1. State which residue is surrounded by the fewest Cβ atoms within 10 Å (Cβ to Cβ) when the search covers only segment 52-69 and only residues that are in a strand (DSSP E or B) and either modelled with pLDDT under 95 or touching a helix residue (DSSP H, G or I) at 6+ places or on another chain (Cβ under 7 Å) (or both).
2. Spot the failing condition for A46; the list is (1) among the small types (G, A, S); (2) part of a helix (DSSP H, G or I); (3) at pLDDT below 95, and only one is missed.
3. Could you run through segment 62-110 and say how many residues are closer than 21 Å to K24 by Cα and touching a strand residue (DSSP E or B) at 6+ places or on another chain (Cβ under 9 Å)?
4. Looking only at residues in segment 86-110 that are over 14 Å from the mean Cα position of the chain (by Cα) and surrounded by 10 or more Cβ atoms within 10 Å (Cβ to Cβ), which one is farthest from E49 (Cα to Cα)?
5. Restricting to segment 79-110, name every residue that is of a type outside the set (A, V, I, L, M) and at pLDDT 90 or above.
6. If you check every pair at least six apart or on different chains, which have Cβ atoms under 7 Å apart with a residue in segment 3-25 that is under 19 Å from R37 (Cα atoms) first and a residue that is among the aliphatic types (A, V, I, L, M) and surrounded by 14 or more Cβ atoms within 10 Å (Cβ to Cβ) second?
7. What are the residue pairs meeting all of these: first residue in segment 37-48, first residue under 16 Å from C69 (Cβ atoms) and aliphatic (A, V, I, L, M), second residue modelled with pLDDT of 95 or more and in a helix (DSSP H, G or I), Cβ atoms under 8 Å, and 6 or more apart or on different chains?
8. Say we look at segment 70-85 and pick out the residues that are surrounded by 15 or more Cβ atoms within 10 Å (Cβ to Cβ) and among the acidic types (D, E); which of these is nearest to T11 (Cα to Cα)?
Amino acid sequence: MAVQYIMPTETYPGYYNQLPEISKFVASVARKAGAERSDIYELQLAVDEAFTNIIEHGYGGEGKGEIVCICEVVDNRFRIILRDWGKAFSPEDIPTPDFNVPLEELKIRG
């Protein structure tokens, strides 16, 4: 996997009000990389969710750290990396949901 093109990198303070800024940045860079409009929307949505999760779960709230957005083209694919210094997350630590529980009793998770 060879990086073919490293694009601009931006650093954002960990505040929710930075979501429009990182969204604009991702759209701009993705457009320059030749992404389609529908793909750009999906990228923005994914970055919005990841950025929010970093603030909420990684840092435990706003204003506790920075988030670096790195964009690059690798093997002719556009890749976005969000780098933070918050608490690590391991998907293996999430309990497997019990699908036999009635919907009304399920814990709400985002």
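The values are calculated or read from the model by the stated rules, or taken from the named source; none is laboratory data. Predicted, not measured: the structure shown is a model, and the values here were computed from it. Here Cβ is always computed from backbone atoms with ideal geometry, including for glycine, and neighbour counts include all displayed protein chains.
1. C69
2. (3)
3. Residues in segment 62-110 being closer than 21 Å to K24 by Cα and touching a strand residue (DSSP E or B) at 6+ places or on another chain (Cβ under 9 Å): 18 in total.
4. This residue is V101.
5. Within segment 79-110, R79, R83, D84, W85, G86, K87 qualify.
6. M7/V29; M7/A33; I22/V47; S23/V47
7. Within 8 Å, the pairs are I40/V26; I40/A27; L43/V26; L43/A27; V47/I22; V47/S23; V47/V26.
8. Ranking the candidates gives D84 first.
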